[in-house]
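*Asks:* I am attaching a structure below and will ask some questions about it afterwards.
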Protein chains: 2
Amino acid sequence: MLSTPKTARARTRGRPPEFDRAVALDAALETFWLRGFKGASLDDLTSAMDLNRASLYCAFGNKANLYSASVDHYIATIGQTYLAPLFANASIAAAFEGFYEAVIDGVTGKHGSRGCIVACTLPAEAGVSTTARDHLAAVLAQLDAALLARLTAAQRAGEIPSTRDVRVLAQVATSGMLALSIRARAGATRPRLRELAREFVGFIAGA
Amino acid sequence: MLSTPKTARARTRGRPPEFDRAVALDAALETFWLRGFKGASLDDLTSAMDLNRASLYCAFGNKANLYSASVDHYIATIGQTYLAPLFANASIAAAFEGFYEAVIDGVTGKHGSRGCIVACTLPAEAGVSTTARDHLAAVLAQLDAALLARLTAAQRAGEIPSTRDVRVLAQVATSGMLALSIRARAGATRPRLRELAREFVGFIAGA
DNA sequence: CTGTTTATGGACCGGACGGTGAATTAAGGA
DNA sequence: TCCTTAATTCACCGTCCGGTCCATAAACAG
């Protein structure tokens with residue numbers, strides 16, 4: 001029936017929704033983040049989102065779509081807070097210090113150390129779902145690209161030798177984030193994570 | 001009834017098992033590796049292990065124990081093939097080249113790119129199960145320790161400056177493995193993984 | 001042989017799962 | 001006002017889930 005799952009809120013016909021899509025996605029993200037895709041039941045989701053099953057189904061299609069939308073929501077909100085320091089700092093060292101500090105803040109949140117939903121829950125699904133695998137690949141590529149942009153800028157500014165392959169260096173920087181995420185999930189404390197982050201910054205900035 | 005789940009195969013009374021525990025664990029590992037803990041049903045497991053539900057339950061207790069045993073089995077078998085090159089190569093660079101090459105071989109196996117069961121399926125469970133979280137922490141610490149042993153040997157041999165903190169460097173080396181694993185799960189090809197591994201070797205060996 | 005011990009095969013259980021249908025309600029359009 | 005559209009409520013469905021029970025089979029001890 002509905003070809004597009006109402007992404008744009010185009011018309012104002014019919015009964016208006018009683019929920020805020022962004023707020024609902026926040027709650028879904030929280031749930032998936034902690035429990036993973038398979039571990040989050042529809043009961044978990046509807047109670048966290050304060051939403052009826054039918055409403056959820058009408059708004060997001062099904063559980064897999066909701067998970068996908070939650071991951072995208074994560075990228076668009078929390079993920080951006082990770083990237084913000086990159087271009088808010090002049091030196092490449094300060095930029096990546098700020099990046100990793102923001103990441104550590106994100107993966108050791110107020111609700112406990114949950115890591116990152118991408119690094120900690122998507123890979124499990126990627127083994128059985130090709131769409132999850134493609135989603136994981138796309139997110140990694142997106143992160144690589146953002147970090148690469150900052151690195152190339154630094155290289156043009158002479159902060160990084162032109163002999164260095166910044167494309168691979170961006171992947172190393174992404175690796176640091178993945179590792180911080182998994183270690184946070186395993187219970188590592190912030191000081192330990194900061195030690196690790198500092199080492200990555202040293203490598204990237206060429207200490 | 002049974003206080004100990006028959007870990008040691010002590011006596012030879014009663015009907016002998018028709019299955020080989022190691023072979024059964026191999027099959028369980030394959031299943032969990034691909035599908036994750038929640039994604040692998042008992043039907044999946046029993047058919048892969050060619051084992052009856054009751055036999056499985058008698059031998060391993062329950063699904064969570066079987067998963068835990070599978071992860072340990074992974075460490076004891078495949079994990080060791082990763083570590084073997086570390087001490088089989090004289091130079092620190094060659095040692096870690098061999099290590100990452102073995103890792104890449106493992107995470108891009110003949111059954112497709114599945115990454116590593118630890119990096120790709122354990123973190124998802126660590127969000128809801130404290131035993132899974134502790135298991136993840138223990139495995140990471142174990143890997144850190146193994147890599148640290150090689151690094152300290154290299155430092156004593158003068159290959160690594162004494163000013164370098166090899167403890168953190170070992171965590172960096174582990175990070176490289178985690179990243180290779182997740183990227184393999186996302187579908188990265190071997191040449192791309194080798195590029196990344198080479199950069200980590202340069203990082204560690206101080207190229 | 002008989003009794004004991006352990007593994008096997010297969011049926012079975014209660015519950016949780018993802019998803020659906022029908023009736024109701026609230027808004028805009030004519 | 002009446003019709004259309006869309007969101008909400010709630011009960012419901014078939015299936016799959018992890019786990020258990022029981023009768024039977026195969027080994028050893030006596």
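*Asks:* Restricting attention to the stretch B:70-81, which residues are surrounded by 14 or more Cβ atoms within 10 Å (Cβ to Cβ) and either of a type outside the set (S, T, N, Q) or in contact (Cβ under 8 Å) with a residue 60 or more places away in the chain (or both)?
*Replies:* Our first condition is that a residue be surrounded by 14 or more Cβ atoms within 10 Å (Cβ to Cβ); within the stretch B:70-81, this holds for B:70-75, B:78-79.
Result: B:V71, B:D72, B:H73, B:Y74, B:I75, B:I78, B:G79.
*Asks:* Mind checking whether some residue in the stretch A:167-182 is without any contact (Cβ under 8 Å) to a residue 12 or more places away in the chain and over 30 Å from B:A132 (Cβ atoms)?
*Replies:* Yes: one or more hits.
*Asks:* In the stretch B:167-189, which residues are surrounded by fewer than 24 Cβ atoms within 10 Å (Cβ to Cβ), within 19 Å of the chain's Cα centre (by Cα) and more than 8 Å from chain A (Cβ to nearest Cβ)?
*Replies:* B:A170
*Asks:* Still on this structure, I have one more. Pairs please, first residue from the stretch A:27-39 and under 10 Å from A:M49 (Cα atoms), second anywhere and acidic (D, E) and in a helix (DSSP H, G or I), Cβ atoms under 8 Å, 6+ apart in sequence or on different chains.
*Replies:* Pairs that qualify, where the first residue is under 10 Å from A:M49 (Cα atoms) and the partner is acidic (D, E) and in a helix (DSSP H, G or I), are A:T31/A:D44.
*Asks:* Starting from the stretch A:109-129, keep only residues that are facing another protein chain (nearest Cβ under 9 Å) and outside any helix (DSSP H, G or I), then list their pairs with residues that are hydroxyl-bearing (S, T, Y) and buried (at least 24 other Cβ atoms within 10 Å of the Cβ) whose Cβ atoms are within a distance under 7 Å, requiring at least 6 positions of separation or different chains.
*Replies:* Matching pairs, first to second residue: A:G115/A:S181.
*Asks:* Surrounded by fewer than 21 Cβ atoms within 10 Å (Cβ to Cβ), more than 10 Å from every other protein chain (Cβ to nearest Cβ) and in a helix (DSSP H, G or I): which single residue out of A:T152, A:T163 fits that description?
*Replies:* On the way: A:T163 fails: in a helix (DSSP H, G or I).
Exactly one residue qualifies, and that residue is A:T152.
*Asks:* Please work out if A:E199 is of a type in the set (D, E, K, R), assigned to a helix (DSSP H, G or I) and free of Cβ contacts under 8 Å to residues at least 24 places away in the same chain. Reasoning before the result, please.
*Replies:* Values: of a type in the set (D, E, K, R): yes; assigned to a helix (DSSP H, G or I): yes; free of Cβ contacts under 8 Å to residues at least 24 places away in the same chain: yes.
Judged against the criteria, A:E199 is a match.
*Asks:* Looking only at the stretch B:84-92, decide whether some residue is modelled with pLDDT of 95 or more, out of contact with any Ser or Thr (no Cβ under 7 Å at 6 or more places or on another chain) and over 23 Å from B:E159 (Cα atoms).
*Replies:* no
*Asks:* Sticking with this one: Somewhere in the stretch B:21-30, is a residue near DNA strand D (Cβ under 10 Å from one of its atoms) and acidic (D, E)? Explain how you work it out, then say what you get.
*Replies:* Step one: filter the stretch B:21-30 for residues near DNA strand D (Cβ under 10 Å from one of its atoms), giving none.
Within the stretch B:21-30, not a single residue is near DNA strand D (Cβ under 10 Å from one of its atoms) and acidic (D, E).
*Asks:* Then there is this: Out of all the residues in the stretch A:190-207, which are away from chain B (no Cβ under 11 Å) and within 21 Å of the chain's Cα centre (by Cα)?
*Replies:* A:R190, A:V201
*Asks:* Same structure, new question: On the given criteria, is A:Y67 modelled with pLDDT of 95 or more, within 10 Å of DNA strand C (Cβ to nearest atom) and buried (at least 19 other Cβ atoms within 10 Å of the Cβ)?
*Replies:* Working: modelled with pLDDT of 95 or more: yes; within 10 Å of DNA strand C (Cβ to nearest atom): yes; buried (at least 19 other Cβ atoms within 10 Å of the Cβ): yes.
In short, yes.
*Asks:* When the residues of the stretch B:11-22 are filtered to those that are in a loop (DSSP other than H, G, I, E, B) and more than 8 Å from DNA strand C (Cβ to nearest atom), which remaining residue is surrounded by the fewest Cβ atoms within 10 Å (Cβ to Cβ)?
*Replies:* Within the stretch B:11-22, the first condition is being in a loop (DSSP other than H, G, I, E, B), and the residues that meet it are B:11-20.
Checking which are more than 8 Å from DNA strand C (Cβ to nearest atom) leaves us with B:12, B:20.
Details: B:T12: 6, B:D20: 9.
Result: B:T12.
*Asks:* Take the residues in the stretch A:58-79 that are within 14 Å of DNA strand D (Cβ to nearest atom) and among the small types (G, A, S); name whichever of them is farthest from the other protein chains (Cβ to nearest Cβ). Give the steps one after another, and end with the answer.
*Replies:* Initial filter on the stretch A:58-79 (within 14 Å of DNA strand D (Cβ to nearest atom)): A:58-63, A:66.
Filter once more, so that each one left must be among the small types (G, A, S): A:59, A:61.
Working: A:A59: 25, A:G61: 21 Å.
Going through the qualifying residues, I end up with A:A59.
*Asks:* Let me ask something else about it. Select from the stretch B:23-47 the residues that are over 20 Å from the mean Cα position of the chain (by Cα) and either assigned to a helix (DSSP H, G or I) or away from DNA strand C (no atom under 14 Å from the Cβ) (or both) and list them in ascending order.
*Replies:* Step one: of the stretch B:23-47, the residues over 20 Å from the mean Cα position of the chain (by Cα) are B:41-44, B:46-47.
Across the stretch B:23-47, the qualifying residues are B:L42, B:D43, B:D44, B:T46, B:S47.
*Asks:* I need the full set of residues from the stretch A:35-57 which are exposed (fewer than 14 other Cβ atoms within 10 Å of the Cβ) and away from chain B (no Cβ under 14 Å), in order please. Break it down stepwise before answering.
*Replies:* Looking only at the stretch A:35-57, we keep the residues that are exposed (fewer than 14 other Cβ atoms within 10 Å of the Cβ), and these are A:41-43, A:47, A:50, A:52-54.
A:L42, A:D43, A:S47, A:D50, A:N52, A:R53, A:A54 - these are the residues of the stretch A:35-57 that are exposed (fewer than 14 other Cβ atoms within 10 Å of the Cβ) and away from chain B (no Cβ under 14 Å).
*Asks:* Quick one: which residue in B:R194, B:R156, B:R133, B:R190 is within 22 Å of A:F203 (Cβ to Cβ) and charged (D, E, K, R)? Quick ask: steps written out before the conclusion?
*Replies:* Details: B:R156 fails: within 22 Å of A:F203 (Cβ to Cβ); B:R133 fails: within 22 Å of A:F203 (Cβ to Cβ); B:R190 fails: within 22 Å of A:F203 (Cβ to Cβ).
Among B:R194, B:R156, B:R133, B:R190, only B:R194 is within 22 Å of A:F203 (Cβ to Cβ) and charged (D, E, K, R).
The values are calculated or read from the model by the stated rules, or taken from the named source; none is laboratory data. The shown structure was predicted, so the numbers you read here are calculated from the model rather than taken from an experiment. Note that each Cβ is placed from the backbone with ideal geometry, even for glycine, and that neighbours are counted across all protein chains shown.
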